[in-house]
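Asker: Sharing a structure with you now.
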Amino acid sequence: MKDAGAKRGRLKIFFGYAAGVGKTYAMLDAARLAAANGRDVLIGCVDSHGHPETEALLRGQSLLALKKTDYHGAQLFEFDLNSALERKPGLVVVDRLAHTNAAGCRHRKRWQDVAELLQSGSDVWTTLNVQEIESLRDVVAQLAGVVVRETVPDNMFDEATEVELVDLTPDDLLRRLRGEGALAAVSHEQSGPQVLPRGSLVVLREMAMRRVADRVGREVQAVRLSDARTTSRPTVERLLVCVDAGLTSAEVIRTGARIASALHGEWLAIHVEKPAPGRLDNRQQRELAGNLKLAGQLGAEAVILAGRDVAAEIVRYAHSHAITKIVIGKSHRTSRYRFRHRSVADRVIGMSGNIDVHVVYGAEASPSSSFPAGAARRNGRDYLLTACSLVVATLVAVAFDSLGLIDANIIMTYLLGIVLVATWWGRGPAIAASIVSVLLYNFLFTTPYYTLVVDDPQYIFTLAVMLSIALIVSTLTSRVREQARLAVERELRTESLYRVSHALASTSGRLPLVGVAQEQLGKMFGGQVAVFVPEGDTLRPVLRRGHSLAETPEEMDAALWAFRHRQVAGRGTDILPASQALYLPLNGLESTVGVLAWQPEGDEHLVYPTQRQLLDAVSTQIALALERDWLAQETQRVLSEADVERSRSALLSVVSHDLRTPLAAIAGSASSLAEDTLDAETRRELATTIYEESDRLSRLVENLLQLTRIESGAMKVEKQWQPLEEVIGSALRRVETALGAHEVRLDLPAGLPLVPMDGLLVEQLLVNLLDNAAKYSPDGSPIDLFARLTPEGVETTVADCGPGLPEAERERVFEKFYRSSAVRSHRGRGAGMGLAICRAIASAHGGRIWAEAGDNGGTCFRFVLPVEGTPPLVDQWTEAQQVNGDA
């Protein structure tokens, strides 16, 4: 994965207002001078248009071979991005930043190649015309009459490190073009067969100068803010740009981008999706996806909401997110239509309150702004079913009339039919049913019969009320129906996200997490799903569903690109669009933990903004879950290393003191014994000291070895049925010297059973407890050792008459290298290993050990060894002991 702290390259743009002003020449001349000064310059892609002066500047410079691409039988030559990345030059010269690459290249646009070069750390010099800036596209078309098809996002220009304006007066430019015959070059760059008129060139030149002046103004303002003594900052403007599915909505987006750039503010692009039957068709979905993508390229954050009332949702979101300005499109409808139906823009203005509203002409040309797409294409089947419903209602009404029921029952029959129509087939059929029901009632059940003439004035009022109630009921019913559908859609999305988050939260481990993620994604989106995780310098699929993903180098290139650049790539994007699948990087809070690949069953799923929004949300949850699992493993590893480090430090402390002290005593005593002047008594005392210190050193080394075996898992317990009395006797003999003048008072009942134990390990346990009691008991004080049979097993107690342990430390004394600071010993502090070994031995036998306050003020250490199974008969055991003794 690319280092997040890697230095980004610097971008310099040679900026002009039209082809022919000399941008390429100025760039190559500067590159030649930079190479002469020692810079590593690589000419990546330059279009000289056959000009001898430009070609002369290329001689002697390092040129990158162009990449050949076949396109419909013709060979095209494009910039070779992979070769430039492998070469890693200090400076790459790439002409025509707004150029569109041929099919088969990694990126669709050359500015995307430049962005990847900058990310790799190389500096880039390039050329750009003012009309090729995306947000100025509509303004250029209106003022200069130039239609531009190749553009770059505004942020590429705004974030450039340096912009050099290459200027030439329009008259000089026209003379140059006519004199040098560069008409072909001009028509190639401007996609027009003729040279622009002087008036258009003047407008373009003014726009280029204004753009550069605005950039300089921002730099000056930034310097002033950085040098200001006050820390206060002006309030940040937040713009909300309303996006629709119409093609002309792009004008609104560009206008919003220009306003946000001029105000140095943040901006969001919002689209309100209507519930069914106001769905957008596939064409409108593609247009909407393109508009949202354009907004993202221009620096906006795309937001998709769902609601029946578009204007109300826009204003509600604006008030809840501190929006200061709203940019929305103006309706194309006639004044007569606007009198009957208020447009979304008019309603937003009426509800906006203190929020400024900027209205741009052209956004509501799409039918979806005022008329739901489904209403414009209402299927005749709904109206046919409505007619059948009215026929049934009429037959029921005729039956009621023949039975002599009053008119109210007949009217209620028609109202019931209208409610059912509104519930099943929506507003349009319901309104039609309301009108037809009134006409049928008038035609069949009012005098004169079978005519639409009303002879009784009271029926006029009845028919008017009936029509009003029918229209109100149908409208409210259809509105409830739409709200119910909207609630169901929101519930499904929320339930999907909850299901994914709950499944991921209850799973740990990378493989189980990936399995859960793929299962949930398969249920939600269908198609083929794969998750890739890093492995060294490449990626590998984990628990792949399907069999056709990532089987070619091209697919792996797309996955690697998405992983290394933390951007979406593959099918349906501008980066490696020929891939089979869509690749989404799983970006966590600190790093990219993998790549999610999704190959849908059809391309229509790729253009649904709600699908992409839900997919992005799910991929984010998967990334956070994988990162959480990785962090948990990393935390466990760090804690283990810290524990090992603490043990190592404690062990070094023990070795440095507890080993050095007896060695120093032995060395001193041995050196004194080497002298011939000592009497026999002194020599005997020195020899005793050497023996005692050697014994102390031996026990310390034995504890160290025993602790090492315990930590490495090499300690094995070989249980045999043995009498506890013999093990106690062996332990007393080993610590006879350490006990010194202490009296050991034994209390071992005669009826103790045989105990299944490892005699050597239990003996070591008793040796450590007796040595600890002797160390912390006053000289001459007794030490009690007794055993008894309990329901848990055979319990053994070693009690001393020392100062006792504080209650807070009675559990901690069994930890490795823990030495109590509250208890002092006349023989020095221990190494903190003996009691830890005791607990390990007791646990290995299935028992336990603990410390209590003693009756004489000291400490009682008790341990229990469980007695499980049936012991051998006494005769058999005695015979086995004799055989072992003879052996």
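The values are calculated or read from the model by the stated rules, or taken from the named source; none is laboratory data. Note that the structure is a prediction, hence the values are computed from the model and not measured. Counting neighbours? That spans all protein chains shown, and the Cβs are built from the backbone with ideal geometry, glycine included. Just so you know, the surface numbers come from the protein's heavy atoms only, side chains and all, with ligands and any DNA or RNA stripped out. Shrake-Rupley method; radii C 1.70, N 1.55, O 1.52, S 1.80 Å.
Asker: Which condition from (1) at pLDDT below 75; (2) surrounded by fewer than 17 Cβ atoms within 10 Å (Cβ to Cβ) is the one that Glu807 breaks?
Answerer: Only one criterion in (1) at pLDDT below 75; (2) surrounded by fewer than 17 Cβ atoms within 10 Å (Cβ to Cβ) is unmet by Glu807, namely (1).
Asker: Surrounded by fewer than 22 Cβ atoms within 10 Å (Cβ to Cβ) and part of a helix (DSSP H, G or I): which single residue out of Gln112, Gln131 fits that description? Break it down into steps so the answer makes sense when it comes.
Answerer: Numbers: Gln131 fails: surrounded by fewer than 22 Cβ atoms within 10 Å (Cβ to Cβ).
When all the criteria are applied, what remains is Gln112.
Asker: Under the condition of being at pLDDT 80 or above and acidic (Asp, Glu), which residue from the range 551-567 is surrounded by the fewest Cβ atoms within 10 Å (Cβ to Cβ)? First the steps, then the outcome.
Answerer: Of the residues in the range 551-567, the ones at pLDDT 80 or above are 555-567.
Next, from what is left, pick out any that are acidic (Asp, Glu): 555, 557.
Numbers: Glu555: 21, Asp557: 17.
Out of the qualifying residues, it is Asp557.
Asker: Kindly evaluate Leu136 against the criterion of being open to solvent by 10 Å² or more (accessible area, probe 1.4 Å) and assigned to a helix (DSSP H, G or I). Break it down into steps so the answer makes sense when it comes.
Answerer: Values: open to solvent by 10 Å² or more (accessible area, probe 1.4 Å): yes; assigned to a helix (DSSP H, G or I): yes.
Yes, satisfied.
Asker: Right, next: Would you mind finding the one in Arg8, Arg59, Arg39 that is in contact with a helix residue (DSSP H, G or I) (Cβ under 7 Å, 6 or more places away or on another chain), of a type outside the set (Ser, Thr, Tyr) and open to solvent by 70 Å² or more (accessible area, probe 1.4 Å)? Give the steps one after another, and end with the answer.
Answerer: Details: Arg59 fails: in contact with a helix residue (DSSP H, G or I) (Cβ under 7 Å, 6 or more places away or on another chain); Arg39 fails: in contact with a helix residue (DSSP H, G or I) (Cβ under 7 Å, 6 or more places away or on another chain).
Result: Arg8 is the single residue among Arg8, Arg59, Arg39 that is in contact with a helix residue (DSSP H, G or I) (Cβ under 7 Å, 6 or more places away or on another chain), of a type outside the set (Ser, Thr, Tyr) and open to solvent by 70 Å² or more (accessible area, probe 1.4 Å).
Asker: I would also like to ask the following. Can you tell which of Thr737, Thr797, Thr790 is open to solvent by less than 20 Å² (accessible area, probe 1.4 Å) and among the polar types (S, T, N, Q)? Spell out how you get there, then give the answer.
Answerer: Working: Thr737 fails: open to solvent by less than 20 Å² (accessible area, probe 1.4 Å); Thr790 fails: open to solvent by less than 20 Å² (accessible area, probe 1.4 Å).
None of the others qualify; the one that does is Thr797.
Asker: Any chance you could count how many residues in the range 61-105 are without any contact (Cβ under 8 Å) to a residue 12 or more places away in the chain and assigned to a loop (DSSP other than H, G, I, E, B)?
Answerer: Qualifying residue count, the range 61-105: 2.
Asker: Related question: Could you grab me the full set of residues in the range 273-305 that are touching an Asp or Glu at 6+ places or on another chain (Cβ under 6 Å) and modelled with pLDDT under 75?
Answerer: Scanning the range 273-305 gives Pro275, Asn282.
Asker: I've got another one for you. Scan the range 73-92 residue by residue and report those that are in contact with a strand residue (DSSP E or B) (Cβ under 8 Å, 6 or more places away or on another chain), surrounded by 14 or more Cβ atoms within 10 Å (Cβ to Cβ) and hydrophobic (A, V, I, L, M, F, W, C).
Answerer: Leu76, Phe79, Leu81, Ala84, Leu91, Val92
Asker: Does at least one position in the range 862-875 carry a residue that is open to solvent by 50 Å² or more (accessible area, probe 1.4 Å), at pLDDT 85 or above and in contact with a Phe, Trp or Tyr (Cβ under 7 Å, 6 or more places away or on another chain)?
Answerer: no
Asker: Does Val823 fit the bill of being in a loop (DSSP other than H, G, I, E, B) and modelled with pLDDT of 85 or more? Give the steps one after another, and end with the answer.
Answerer: Values: in a loop (DSSP other than H, G, I, E, B): yes; modelled with pLDDT of 85 or more: no.
Judged against the criteria, Val823 is not a match.
Asker: Where the second residue is not basic (Lys, Arg) and the first is more than 20 Å from Leu697 (Cβ to Cβ) and lies in the range 667-683, which pairs have Cβ atoms under 7 Å and are six or more apart or on separate chains?
Answerer: Leu678/Ser672; Arg683/Leu673
Here is a yes/no grid of residues against (1) closer than 23 Å to Asp771 by Cβ; (2) outside any loop (DSSP other than H, G, I, E, B); (3) modelled with pLDDT of 75 or more:
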residue: Ala665; (1), (2), (3): yes, yes, yes
residue: Ala670; (1), (2), (3): no, yes, yes
residue: Leu678; (1), (2), (3): no, no, yes
residue: Glu685; (1), (2), (3): yes, yes, yes
residue: Thr688; (1), (2), (3): yes, yes, yes
residue: Leu700; (1), (2), (3): yes, yes, no
residue: Thr708; (1), (2), (3): yes, yes, no
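Asker: Here are Ala487, Ala503: which of them is in a helix (DSSP H, G or I), closer than 16 Å to Ala617 by Cα, free of Cβ contacts under 8 Å to residues at least 24 places away in the same chain and aliphatic (A, V, I, L, M)? Before you say what the answer is, go through the steps one by one.
Answerer: On the way: Ala487 fails: closer than 16 Å to Ala617 by Cα.
The match here is Ala503.
Asker: Just name the residue that is most open to solvent (accessible area, probe 1.4 Å) out of those in the range 312-371 that are modelled with pLDDT of 55 or more, among the charged types (D, E, K, R) and assigned to a helix (DSSP H, G or I).
Answerer: Here the answer is Arg316.
Asker: Which condition number in (1) among the hydrophobic types (A, V, I, L, M, F, W, C); (2) within 30 Å of Leu204 (Cα to Cα); (3) not in a loop (DSSP other than H, G, I, E, B) is the one that Ala19 fails?
Answerer: With (1) among the hydrophobic types (A, V, I, L, M, F, W, C); (2) within 30 Å of Leu204 (Cα to Cα); (3) not in a loop (DSSP other than H, G, I, E, B) applied to Ala19, the lone miss is (3).
Asker: Output the number of the condition that Val514 fails; it satisfies all remaining conditions of (1) in a helix (DSSP H, G or I); (2) within 23 Å of Tyr583 (Cβ to Cβ); (3) free of Cβ contacts under 8 Å to residues at least 12 places away in the same chain.
Answerer: (3)
Asker: In addition: Of all the residues that make up the range 623-644, how many are out of contact with any strand residue (DSSP E or B) (no Cβ under 6 Å at 6 or more places or on another chain), in contact (Cβ under 8 Å) with a residue 60 or more places away in the chain and open to solvent by less than 70 Å² (accessible area, probe 1.4 Å)?
Answerer: 3
Asker: Here's something else I'd like to know. Go through the range 463-494 and give me each residue that's more than 30 Å from Val438 (Cα to Cα) and either modelled with pLDDT of 75 or more or among the small types (Gly, Ala, Ser) (or both).
Answerer: Ala487, Thr494
Asker: Which of the numbered conditions does Leu752 fail, given that it passes all the others? Conditions: (1) open to solvent by 50 Å² or more (accessible area, probe 1.4 Å); (2) over 28 Å from Asp643 (Cα atoms).
Answerer: (1)
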